[in-house]
Amino acid sequence: MPEIQGLGHSRKRVEDARFIRGRGNYVDDLKVPGMIYLDLVRSPLARAKIKSINSEKALEVPGVLAVLTGETLKEYDVHNMPTLMNEHQMVLPLDTVEYQFQEVAGVLATSRYAAADGVAAVEVDYEPLEPVVDPFKALEPDAPLIWPDRPKWADVPEEERSNHIWHWEKGDKEATDKAFEEAEVTVKENLYIPRLSAAAIETCGCVAKWDAVEGQLTLWMTTQAPHAIRTVFALVTAHLGLSEEKIRVISPDLGGGFGGKVYVYPGYVIAVAASIVTGSPVKWIEDRTENLGTNAFGRDYHITAELAGKKDGTLTALRIKTTADHGYVDAAANPLKWPAGLFNICTGSYDFKNAFVEVDGVYTNKPPGGIVYRCSFRVTEAVHTIERLADLMAHEVQMDPAEFRKKNFIKPEQFPYQSVLGWEYDSGNYAGALDLAMDMIGYDELRKEQAEKRERGEFMGIGISSFTEIVGAGPSHSFDIIGLKMFDSCELRVHPTGKVIARFGTKSQGQGHETTFAQIIAEELGIPADHIKIEEGDTDTAPYGLGTYASRSTPVAGAAGAMAARKVRDKAKKIAAHLLEVSEEDLEWEQGKFFVKGSPDQAKTIQEIAFAAYTDYPQGMEAGLEAVSYYDPPNLTYPFGSYICVVDIDRGTGEVKVRRFVAVDDCGIRINPMIVEGQIHGGLTMGFAPALLEEISYDENGNMYGSSFQDYLLPTSVETPKWETGTTVTPSPHHPQGLKGVGESATVGAPVAIVNAVVDALWHIGVRHVDIPMTPPKVWALLKEHGAALEQ
Amino acid sequence: MSNHHIRVTVNGDVQEADVDARLLLVHFIREDLNLTGTHIGCDTSHCGACTVLVNGTAIKSCTYFAVQADGAEVSTVEGLAQNGDLHPIQEGFREMHGLQCGFCTPGMMIASIALLEQNPNPTEDEIRWGISGNLCRCTGYINIVKAVQYAAEKMQE
Ligand code: FES
Ligand code: FES
């Protein structure tokens, strides 16, 4: 019998067997007989009226079969589609385009080369309109209305229409204002957290196969949430005769997701429509420019934040005002009640008595999105804000930033901790993580080194980020996506020989669920993980779940796995009692077997019990050994950590070099330390990237910068720092196995540590803040502005 | 468009085909030969997901025409394991947790093999430079470096 390999075991990954042999099953690997190809005509302009679309020349291109436009889709009433925020977005436009690279028409052809030729031959006559790029300008009274034909304006008088989408606030404004009036010290800063693209190495795509005879749609697509997607498709295509039981969404192997594969993009819908119209299976695969140019974005928050405190360094109040640029529609993938995500975690790791936060969502002529890039629903923005401001305040009251943090941390004995903005933090030991990080990096020595270097005119900085995450959405009382409560699920079946298949409502994109979910069950049942097969991603076979994003798989689906296993164990106990001819109360469980109390030799292994479940079960009991759990988490989980970063700044070039980076993470109990470590490495790299390299921006005409890897700079192995990781373990008190989730922590916590280090290096010359990405030209300009640049 | 007859040896098997002049090698490999382990991640030769060996040299097959490979020996990820035995680089990636989503992995392994061919005992920095034409979004590269070190040691045994 192989080893059990339950919790805490660095089990080698099951999925690697196929990936290292080139035998993965990604969507573009799929070939279906008779398959044709879809390619998309996209707008070169950020805002324009479409005067005409002429397909004649395209249809003459050898291999081109058809051209679909908004008018074609309108016949089927699928030219618009709902977003998860109860708005509509265009699938293909009828009148105007509202961002650069927006889909304008679809070309179907017998090969991808012919489809691309067809795209080049479609003639679109645009009348350029002035785009609105800046969200603050979009809010001005005379700003042009973006997408005036949007369905939501149908019954709204003209004077009530505007580019302002919603206002959201949390906290006690009056009490907070008062605390600011009474404060001994205040600090204030404007922060801009730029747009990012998830940029998984695999772009998005699908194969849609409509079978008119069976009325069956099979959709292989790059999705992190196949079940919710199927329901959305069923709801919006019911009038075409599609029915949920005959829609099968299959999410094959995904080449990374990071939130970018949660959304429904127009290309998927066009592919489905094209398959219905032509009767052929249709493949659509984005190229990289389409992916960067149109996929849902992350961040794009313009933040003004203020802290109030006492001269002794005690924090008293936090006040934040934010303008959120949502692009031309609100298509964020937030839980419905949370238009600004979980941004009200912005009080962070500190014990505040007063706080007030407000966010205004705004339309601009940019692609929609909002919640991608490993962000746990706007938590990165929250952490960036509070950790940046904490540093400013520490400097202001002339305290060491580490000491300052420790003074204000929520203390271990305060958990469960009720935050003033409405969250109940489950558990934490913030000082424990920070102390370990300081030990690992040799904090006091570094401060000495910094002082010496400063004497010599060398700029070195040390930055800290002590973040608190909020993941595992979420409890049904406040979390739903278009009404679907955010539970997750596991269906577990033990076969007669004691082997297991377990299916989940989630979908791995590299996290290694096939490996770790088996460990969760192995821990509970004592069946070796090698005997447990995990499946997810096929809506015909897997139980319903809300999918994998926002670090929710372990806290929610993982808990469902543990609960299903416990149900199986309950039944196994009854069978064991029957086999051993004792009563259930006389039995005790030891991983893998039940034995009679006081008589350990009288025992039945889980394998023996499984066999009996099919061959020798008690009279009146149903055969079989299986269970289902739909887990509604009682609370969110709150992973945390402390990161310390050391940077050296080149005064001649403005280059920021991350010399060391120590990351101490506490994500509760670790299922598989090797995989957790890998997640943290990747997460840190996606924290480093926006701090120094990545940014999507637009010129005043709405032309995008960053639409290829030429200028959207993913870190390579050369720039990426050599991460040093440390661990503390504070279990979640409400998760059945004490787990918390870890996928996003590092991306949430890392960028601001690097910013704090850079500002720390430049504080003495008068620099108080730098927005990310801290590129060499930006840093060099700062050095020059403060008379510290070396110009030789 | 001109059509050309090509003869390419892929993972030891001779393949003949008539191809368009503009057909990219990566599409020839993936779609004509159904060897889908070689991936596509960009359109600007930056990501390296498409890396294969042509006559022993690592190239980005998305930036290489199939006709250029006429008469050449091409190796892809599918040819790495011999008689069911994994290549040391494959073992290294598995043992060191050098992959997560697996999408960059075939290209990363091929680039690593080309590196080790030229430099059987690379330093960490040499490894980082050697794979710097290949992007990975998942791993942060540390474990990829360890995987290459593992393979280097194993190949010297
Ligand atoms: S596909 Fe990106 S370099 Fe070839
Ligand atoms: S493992 Fe996912 S891109 Fe490298």
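The values are calculated or read from the model by the stated rules, or taken from the named source; none is laboratory data. For clarity, every value in this text was computed on a predicted model and none was experimentally measured. Quick reminder, even Gly has a Cβ in these numbers, built from the backbone with ideal geometry, and neighbours come from all protein chains shown.
Details
- Matching residues, segment A:2-39, being in contact (Cβ under 8 Å) with a residue 40 or more places away in the chain, more than 27 Å from the chain's Cα centre (by Cα) and more than 30 Å from A:Pro731 (Cα to Cα): A:Val32, A:Pro33, A:Gly34, A:Met35, A:Ile36, A:Tyr37, A:Leu38, A:Asp39
- Matching option when the condition is buried (at least 24 other Cβ atoms within 10 Å of the Cβ) and over 23 Å from the mean Cα position of the chain (by Cα), among A:Ala273, A:Ala296, A:Ala332: A:Ala273
- Leading residue by the ranking (surrounded by the most Cβ atoms within 10 Å (Cβ to Cβ)) among those in segment A:683-714 that are among the polar types (S, T, N, Q) and touching a residue at least 12 places away in the same chain (Cβ under 8 Å): A:Thr685
- Filter result for A:Lys311 (charged (D, E, K, R) and in contact (Cβ under 8 Å) with a residue 60 or more places away in the chain): yes
- When residues of segment A:204-218 are limited to those that are over 26 Å from the mean Cα position of the chain (by Cα) and part of a loop (DSSP other than H, G, I, E, B), the one surrounded by the most Cβ atoms within 10 Å (Cβ to Cβ): A:Gly215
- One residue alone among A:Leu108, A:Leu94, A:Leu73 is part of a strand (DSSP E or B) and touching a helix residue (DSSP H, G or I) at 6+ places or on another chain (Cβ under 8 Å), and that residue is A:Leu108.
- Subset of segment A:14-32 (residues that are assigned to a loop (DSSP other than H, G, I, E, B) and more than 8 Å from every other protein chain (Cβ to nearest Cβ)): A:Val14, A:Asn25, A:Leu30, A:Val32
- Candidate set from segment B:32-49 (those that are more than 14 Å from ligand 2 (Cβ to nearest atom) and more than 8 Å from chain A (Cβ to nearest Cβ)); member that is nearest to B:Asp13 (Cα to Cα): B:Leu33
- Conditions (1) away from ligand 2 (no atom under 16 Å from the Cβ); (2) closer than 22 Å to A:His513 by Cβ; (3) among the aliphatic types (A, V, I, L, M): number failed by B:Met155: (2)
- Boolean, B:Thr57 is out of contact with any Ser or Thr (no Cβ under 6 Å at 6 or more places or on another chain), within 16 Å of ligand 1 (Cβ to nearest atom) and outside the structural domain of B:Arg137 (by TED's automatic domain parsing): yes
- A:Leu292 meets each of the listed conditions (1) closer than 30 Å to A:Asp16 by Cβ; (2) out of contact with any strand residue (DSSP E or B) (no Cβ under 6 Å at 6 or more places or on another chain); (3) not charged (D, E, K, R) apart from (2).
- Residue within segment A:628-648 that is in contact (Cβ under 8 Å) with a residue 60 or more places away in the chain and charged (D, E, K, R) present: yes
- Note on segment B:89-123: among residues that are in contact with an Asp or Glu (Cβ under 8 Å, 6 or more places away or on another chain) and hydrophobic (A, V, I, L, M, F, W, C), the one that is farthest from ligand 2 (Cβ to nearest atom) is B:Leu115.
- Listed by first and then second residue, the pairs with beta-carbon distance under 6 Å, at least 6 apart or on different chains, first residue in segment A:669-682 and within 8 Å of chain B (Cβ to nearest Cβ) and over 15 Å from A:His513 (Cα atoms), second within 15 Å of ligand 2 (Cβ to nearest atom) and assigned to a helix (DSSP H, G or I), are A:His681/B:Ile142.
- Members of segment B:108-134 found to be within 16 Å of ligand 1 (Cβ to nearest atom), in contact with a His (Cβ under 9 Å, 6 or more places away or on another chain) and within 18 Å of B:Met96 (Cα to Cα), listed by number: B:Met109
- Which numbered condition A:Arg11 misses (of (1) crowded, with 16+ Cβ neighbours inside 10 Å; (2) part of a loop (DSSP other than H, G, I, E, B); (3) away from chain B (no Cβ under 11 Å)): (3)
- Selection status of A:Ile201, within 16 Å of ligand 2 (Cβ to nearest atom), crowded, with 18+ Cβ neighbours inside 10 Å and free of Cβ contacts under 8 Å to residues at least 60 places away in the same chain: yes
- Residue in segment A:389-397 that is modelled with pLDDT of 95 or more, surrounded by fewer than 24 Cβ atoms within 10 Å (Cβ to Cβ) and part of a loop (DSSP other than H, G, I, E, B) present: yes
- Residue match in segment B:142-157 (condition: in contact with a Cys (Cβ under 8 Å, 6 or more places away or on another chain) and outside the structural domain of B:Thr36 (by TED's automatic domain parsing)): yes
- Per-region count, segment B:77-94, residues more than 7 Å from every other protein chain (Cβ to nearest Cβ) and either touching a residue at least 12 places away in the same chain (Cβ under 8 Å) or at positive phi (or both): 9
- A:Thr304 out of contact with any helix residue (DSSP H, G or I) (no Cβ under 8 Å at 6 or more places or on another chain) and either of a type in the set (Lys, Arg) or more than 30 Å from A:Gly22 (Cα to Cα) (or both): yes
- Residue list for segment B:102-135, restricted to those being in a loop (DSSP other than H, G, I, E, B), surrounded by 23 or more Cβ atoms within 10 Å (Cβ to Cβ) and more than 7 Å from chain A (Cβ to nearest Cβ): B:Asn134
- Residue in segment B:50-73 that is crowded, with 24+ Cβ neighbours inside 10 Å, within 16 Å of ligand 2 (Cβ to nearest atom), at the interface with another protein chain (Cβ under 9 Å from one of its Cβ atoms) and under 12 Å from the mean Cα position of the chain (by Cα) present: no
- Residue in segment A:597-616 that is surrounded by fewer than 15 Cβ atoms within 10 Å (Cβ to Cβ), in contact (Cβ under 8 Å) with a residue 60 or more places away in the chain and part of a helix (DSSP H, G or I) present: yes
- In this structure, A:Glu584 qualifies as surrounded by fewer than 24 Cβ atoms within 10 Å (Cβ to Cβ) and farther than 30 Å from A:Val372 by Cβ.
- Filter result for A:Asn365 (under 18 Å from the mean Cα position of the chain (by Cα) and among the polar types (S, T, N, Q)): no
- Here A:His88 meets each of (1) buried (at least 20 other Cβ atoms within 10 Å of the Cβ); (2) over 17 Å from A:Ala273 (Cα atoms) with one exception, condition (1).
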